[in-house]
Amino acid sequence: MGKFQDLMDADLEIRGYAPSTRKYYLLAVREFVAHFMRPPDELNLEHIREYQVHLIRERKISYGKFNQAVSALKFFYLVTLKKDWDGEKIPYHKKHYRLPEIPSQETVAALLSSLGNLKHRAVLMSIYAGGLRASEAANLKVSDVDSQRMVLRIDQGKGHKDRYVMLSPRLLEALREYWNEYKPRTYLFPNPESDKPMTRQAIHHIVQLAKKAAGITGRMYPHLLRHSFATHLLENGANLRVIQKLLGHRSLSSTQIYTHVAKNYLQETPSPLDILDDRKKDPPVPE
């Protein structure tokens, strides 16, 4: 890639792409170039199409990773190299929509109580109590905890957006107990070997430790705690618009997925079969 990599990275940085996105986009284009072993400016739409087939048939990558690679290639060729190509000729893969398998509130309680380590429990409680992404929890700072207003500040979450979420009194109690023991300085949950934030991989590992300790057999991962936050709020009567703002969703359509998994939306809506059965019990009224 050479100079092309530097140009692309500069273009990404100018447009405010997150460091993790820049890293993946650059990797995706490097892999594309390495596949053909030719300079990137000598490759064209036919090469991209051939590579897309390779990703699906041979590498069998997920649709999400496939679409990230497409976005990277589109950016590189249409923005950095300024190719006069029709972007529609570099198609995305059709999205597969899967509903999250939401654990019950009792399961979440068992997960959190299974952790004896104060720091580990405080991290997972923060994710569930505020509906945080793992990266948002990792990047929380001590100064983000506002016990006077009882809010948590999420600084530059996904999409470079700030937001506030509620600070649960139970979470505040757990955070105070944790702070008295660990005395974090800048980041609330720092890496043990530095004052940099804890990694998302470390948080994932904590969830797996808690899952095993609690004897939970179903799937469990950090983002599922965020899904659980939204679903449990909806089941307890919270307004969908409020949940949207708490999650930091740009569109309400992203939040509406939880209406498909909230048990009150499912259990409180009678099936038309049951209505038919009720009507059969009533004898017809003679004319």
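The values are calculated or read from the model by the stated rules, or taken from the named source; none is laboratory data. In this text, all values refer to a predicted model and were calculated from it rather than measured experimentally. Here Cβ is always computed from backbone atoms with ideal geometry, including for glycine, and neighbour counts include all displayed protein chains. Only protein heavy atoms, including side chains, enter the accessible area calculation; ligands, DNA and RNA are left aside. Shrake-Rupley method; radii C 1.70, N 1.55, O 1.52, S 1.80 Å.
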Could you check the spin-label model distance between Asn180 and Lys94? Points 7 Å from the Cα along Cα→Cβ, value in nm. 5.8
Which of rounded, prolate or oblate describes region 1-75 when judged by the alpha-carbon gyration tensor and an a/c cut-off of 1.5? oblate
Shape of region 138-187, Cα gyration tensor, a/c cut at 1.5: oblate
At 1.4 Å probe size, with no ligands or nucleic acids counted, give the accessible surface of Lys211 in Å², nearest ten. 40
Does region 41-171 classify as rounded, prolate or oblate by the C-alpha gyration tensor (a ≥ b ≥ c root eigenvalues; a/c under 1.5 gives rounded; else a/b over b/c gives prolate, otherwise oblate)? prolate
Please compute the contact order of region 49-110 in relative form: average sequence separation of alpha-carbon pairs under 8 Å and at least six residues apart, divided by the residue count, as a percent. 32
Scaled to the compact-protein estimate 2.2 N^0.38 Å, what is the alpha-carbon radius of gyration of the chain, rounded to two decimal places? 1.27
Solvent-accessible area per residue for region 139-287 at a 1.4 Å probe radius, Å²? 67
Give the relative contact order (percent, whole number) for region 136-287; include only Cα pairs under 8 Å separated by 6+ residues. 16
Probe 1.4 Å, all chains present, heavy atoms only: Arg30 accessible area in Å², nearest 10, is 90
For Asp6 and Asp155 in one chain, what is 0.36 nm times their gap in residues minus the Cα-Cα distance, to one decimal in nm? 50.8 nm
By what distance, in whole Å, do the Cα atoms of region 132-237 stretch along each of the three principal axes, largest value first? 37, 37, 30
Project the alpha carbons of region 114-154 onto their principal axes and report the range along each, largest first, in whole Å. 30, 20, 15
GNM of the chain, Cα pairs under 10 angstrom: of Arg176, Arg250, Arg57, the biggest fluctuation goes to Arg57
Enter the Cα centre distance for the pair region 44-62 and region 154-224, rounded to the nearest angstrom. 38
How large is the accessible surface of Thr21 in square angstrom, using a 1.4 angstrom probe and rounding to the nearest 10? 40
Filter the cross-link list Lys95/Lys161; Lys95/Lys141; Lys65/Lys196; Lys94/Lys141; Lys161/Lys183; Lys74/Lys161 down to pairs whose alpha-carbon distance in this structure exceeds 30 Å. Lys95/Lys141; Lys94/Lys141
His205 and Asn191 label points (each 7 Å along its Cα→Cβ direction) are spaced in nm at 1.2
Show the residues, 5+ positions off or on another chain, whose built amide H is closer than 5 Å to the amide H of Gly157. Asp162, Arg163
Rounded to the nearest 0.05, what FRET efficiency do Ser20 and Glu268 give with R0 = 41 Å and r taken as the Cβ-Cβ distance? Could you check? 0.50
Once fully extended, how much extra length lies between Leu27 and Leu172, figured as 0.36 nm per residue of separation less the alpha-carbon to alpha-carbon distance? 48.1 nm
Using 7 Å Cα-to-Cβ label points, what is the Thr259/His223 separation (nm, one decimal)? 2.3
Subtracting the Cα-Cα distance from 0.36 nm times the residue separation, let me have the gained length for Asp86 to Arg38 in nm, one decimal. 15.0 nm
